[in-house]
Amino acid sequence: MTKAYDPNNIFARILRGEIPNKTVLETAHSLAFHDISPQAPVHVLVIPKGAYVDFAEFAARAPAEELVDFHRACAQVCDMLGLTGPEGYRAITNAGSHGMQEVPHYHLHILGGRVLGRLVSPD
Ligand code: AMP
């Protein structure tokens, strides 16, 4: 199902240069920047430049070039931030109300630098 994209969401505004961000990496189709409220010593968000609400829409609709660019950018961010060693990292994405997604523009959270606990809390 294609969801309506809100062009005024905060990440769309970052992409238009209306709001500053701490950029880690910019590629042809993707942008990676530090989360404004980091939940771990490393907390970076990677977003496609295209207008996709969530992971499923991006995976279903984005052209191959954008899909490859996005995932290569994620890999480069992991490498740049020293996350590819044995301690590892977590890459997660939230969607919709059950996923508690706050910003309706697809983004992958890349977290690392400490033990991150279990994936899903019991509550
Ligand atoms: P989610 O709940 O998966 O939609 O995550 C949204 C994330 O965006 C949260 O971790 C916020 O801290 C982060 N965030 C919100 N506004 C900004 C901003 N202006 N710059 C960087 N990160 C932001």
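The values are calculated or read from the model by the stated rules, or taken from the named source; none is laboratory data. Just so it is clear, the model here is predicted, and its values are computed rather than measured. Positions of Cβ are generated from backbone atoms using ideal geometry, with glycine treated the same way; all protein chains shown enter the neighbour counts. The accessibility values were calculated without ligands, DNA or RNA, using every heavy atom of the protein model including side chains. Shrake-Rupley method; radii C 1.70, N 1.55, O 1.52, S 1.80 Å.
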Considering each residue of the range 54-81, count those that are in contact (Cβ under 8 Å) with a residue 40 or more places away in the chain, in a loop (DSSP other than H, G, I, E, B) and out of contact with any strand residue (DSSP E or B) (no Cβ under 7 Å at 6 or more places or on another chain), and give that number. 1
Within the range 44-62, which residues are surrounded by fewer than 18 Cβ atoms within 10 Å (Cβ to Cβ) and within 11 Å of the ligand (Cβ to nearest atom)? F55
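Of everything in the range 1-41 that's part of a strand (DSSP E or B) and within 13 Å of the ligand (Cβ to nearest atom), which residue is surrounded by the fewest Cβ atoms within 10 Å (Cβ to Cβ)?
So, considering only residues that are part of a strand (DSSP E or B) and within 13 Å of the ligand (Cβ to nearest atom), the one surrounded by the fewest Cβ atoms within 10 Å (Cβ to Cβ) is T23.
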Among residues belonging to the range 96-117 that are open to solvent by 50 Å² or more (accessible area, probe 1.4 Å) and among the hydrophobic types (A, V, I, L, M, F, W, C), point out the one that is farthest from N9 (Cα to Cα). V115
State which residue is farthest from the ligand (Cβ to nearest atom) when the search covers only the range 82-92 and only residues that are part of a loop (DSSP other than H, G, I, E, B) and not acidic (D, E). P86
Would the range 63-72 turn up any residue that is under 12 Å from the mean Cα position of the chain (by Cα), charged (D, E, K, R) and open to solvent by 40 Å² or more (accessible area, probe 1.4 Å)? no
Quick check on V103: is it part of a helix (DSSP H, G or I), within 16 Å of the ligand (Cβ to nearest atom) and under 21 Å from A59 (Cα atoms)? no
